[in-house]
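What follows is a single structure, written as structure tokens, with notes after it.
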Amino acid sequence: MSNDLRKELCDRFVAATVSLYRLVYIGLQDFRKDLGQNELVNQYKALMLLAHQGPLSVGQIAVYLSCTDSTINDVLRRLDRKKMIDKARSSHDRRVVICELTPEGRKVLDRIDHVVRKRVLPSTETWSLEQLEAFVVSMESIHPDLEYVEPRPLAESESWFIRKYY
């Protein structure tokens, strides 16, 4: 019986996580003008990756995001034109281009965070403080396995935001 309950709760958790992801994705649509209509999700993922990991090479970004070199170069070119990232040659190897988040890129991420807050927080208004605390503690206890954080070769990787858990 406890295995059935665990499976049901896991299924509900995954469904709730997908629903939350959809809320965030819908919030991203408000930033079509900032990020551009095409490649919206890849641009957002690149900005989030640079915010989380710090400066990375173009090749590292392509591997993390499971994109081809041509796709990631197009995404990064657009972000560079919008002054959301800086690109510079590596001092160790002039063939390598390093990308870094700019203050303008950080502003876009902060505005997206604000939109997500506006979409998600109303759901918590009917929760007791105990329910809210239990949810927050549970969410904070989720630590990604290094398999999902460290880059994997493109052929082995799937989209970083959709994983199969069973």
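Go through the range 51-69 and count every residue that is within 16 Å of Leu40 (Cα to Cα) and in a helix (DSSP H, G or I).
Residues meeting the conditions: 2.
Can you name the number of the only condition in (1) among the aromatic types (Phe, Trp, Tyr); (2) open to solvent by less than 60 Å² (accessible area, probe 1.4 Å); (3) at pLDDT below 85 that Phe13 fails?
Unmet for Phe13, out of (1) among the aromatic types (Phe, Trp, Tyr); (2) open to solvent by less than 60 Å² (accessible area, probe 1.4 Å); (3) at pLDDT below 85: (2).
Could you please find all residues in the range 50-79 being surrounded by 17 or more Cβ atoms within 10 Å (Cβ to Cβ), under 21 Å from Ile112 (Cβ atoms) and modelled with pLDDT of 90 or more?
Leu50, Leu56, Ile61, Ile72, Val75, Leu76, Arg78, Leu79
Out of the residues in the range 81-105 that are part of a loop (DSSP other than H, G, I, E, B) and touching a helix residue (DSSP H, G or I) at 6+ places or on another chain (Cβ under 6 Å), state the one that is surrounded by the most Cβ atoms within 10 Å (Cβ to Cβ).
Narrowing the range 81-105 to residues part of a loop (DSSP other than H, G, I, E, B): 82-84, 90-96, 102.
Of the ones still in play, those that are also touching a helix residue (DSSP H, G or I) at 6+ places or on another chain (Cβ under 6 Å) are 83-84.
On the way: Lys83: 11, Met84: 25.
Per the stated criteria, the residue is Met84.
How many residues are part of a helix (DSSP H, G or I) and open to solvent by 70 Å² or more (accessible area, probe 1.4 Å) when one looks only at the range 117-131?
In the first step, residues of the range 117-131 are kept if they are part of a helix (DSSP H, G or I); the result is 117-124, 129-131.
In the following step, the residues that additionally are open to solvent by 70 Å² or more (accessible area, probe 1.4 Å) were identified as 117-119, 121, 129-131.
Residues in the range 117-131 being part of a helix (DSSP H, G or I) and open to solvent by 70 Å² or more (accessible area, probe 1.4 Å): 7 in total.
The values are calculated or read from the model by the stated rules, or taken from the named source; none is laboratory data. Here the structure is a predicted model, which is why all the values come from computation and not from measurement. Every residue, glycine as well, gets a Cβ built from its backbone with ideal geometry; the counts of neighbours run over all protein chains shown. Accessible surface areas use protein heavy atoms only, side chains included; no ligands, DNA or RNA. Shrake-Rupley method; radii C 1.70, N 1.55, O 1.52, S 1.80 Å.
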